[in-house]
Amino acid sequence: MKKKFIILYYSKEGNTHQLAKRFWDIFREFIPNRYEIEMMKAQEMDLESLRASIGIVVGSPDYYGYVAGQIKIFFDEILEYKKDFKNKPAIGFITHGGGGDAAKSLQILIDHLKFNNINPIISVKENKITSKTEAQIQKSLMKMLKIAEDADD
Ligand SMILES: Cc1cc2nc3c(=O)[nH]c(=O)nc-3n(C[C@H](O)[C@H](O)[C@H](O)COP(=O)(O)O)c2cc1C
């Protein structure tokens, strides 16, 4: 079975889904054939796949300056498997309505679980994905791929 990168996200109104999809599109352009990339809704979280994955992109809307509950559940659930997630490369992203404080909470959660956190947290207002954001997505994904490939050697 091919080793997998997973984009785990929650989206109610579609903005975060759209950004997740953009990660998927950009990643697909340069991911080597021996790897796969999967989009996974937080409501359909498959912990076994996440534990076995070689890198995770995790995205949430900003809810009251924090990550959405469904994304918090992911972090709550993985504590008992923290050794499987330690040093796994992770990229965080959020969409927001003009605040964006959820980026900080996502950063803290990723660091707390000792992921290999690929900074910065990517933050987009609603669905306004700029070319600068796309360049940052590509840069972060290239870093994640390099870390995963080095671990895979
Ligand atoms: C319950 C709720 C709370 C929200 N709280 C905030 C907030 O504190 N700060 C902010 O910038 N946007 C806030 N928003 C706006 C959303 O973060 C923003 O519209 C986001 O892009 C929605 O993502 P989605 O389209 O993927 O559901 C809130 C939206 C909802 C529904």
For 17-25, 4-12, 38-46, ranked highest to lowest by mean beta-carbon neighbours within 10 Å, the order is 4-12, 17-25, 38-46
Local electrostatic count at Pro61 - Lys and Arg +1, Asp and Glu -1, tallied over other residues with Cβ under 10 Å:
-2
Order by protection proxy (mean Cβ within 10 Å, highest first), peptides 80-92, 57-69:
57-69, 80-92
The alpha-carbon pair-distance distribution computed for the stretch 3-152, with 5 angstrom bins and whole-percent values, is 2, 10, 22, 26, 22, 13, 4, 1
Hey, what did the chain get for relative contact order, percent, Cα under 8 Å, at least 6 apart?
25
FRET efficiency (Thr133, Glu77; Cβ distance; R0 41 Å; to 0.05) is 0.90
Quote the relative contact order of the stretch 74-153 in percent (integer), defining contacts as alpha-carbon pairs under 8 Å separated by 6+ residues.
34
Can you give me the relative contact order of the stretch 52-98 as a percent, contacts being Cα pairs under 8 Å and 6 or more apart?
61
What is the sum of charges, Lys and Arg at +1 and Asp and Glu at -1, for the other residues whose Cβ falls under 14 Å from the Cβ of Lys132?
+3
Can you return the lysines within cross-link range of Lys128? Criterion is Cα-Cα under 18 Å, with same-chain partners fewer than 8 residues away left out.
Lys12, Lys21
Run the paramagnetic zone check for Ile108: 7 angstrom along Cα to Cβ, then residues of the stretch 56-83 with backbone nitrogen under 13 Å.
65-67
Shape call for the stretch 69-145, from the Cα gyration tensor axes a ≥ b ≥ c (a/c under 1.5 means rounded, otherwise prolate when a/b beats b/c, else oblate), comes out oblate
How large is the helix-only mean residue ellipticity at 222 nm for the chain, computed as the sum of -39500 (n - 2.57) over DSSP H runs with n ≥ 4, divided by its residue count, in deg cm²/dmol to the nearest 500?
-14000 deg cm²/dmol
Roughly what would the spin-label model give for Lys125 and Ala151, points 7 Å off Cα along C-beta, in nm?
3.5
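Values in this text are rule-based calculations from the coordinates and carry no lab data. From a predicted model like this one, the values you see are computed outputs, not experimental measurements. When we count neighbours, we look across all protein chains shown, and the Cβ atoms used for this are built from the backbone with ideal geometry, even at glycine.
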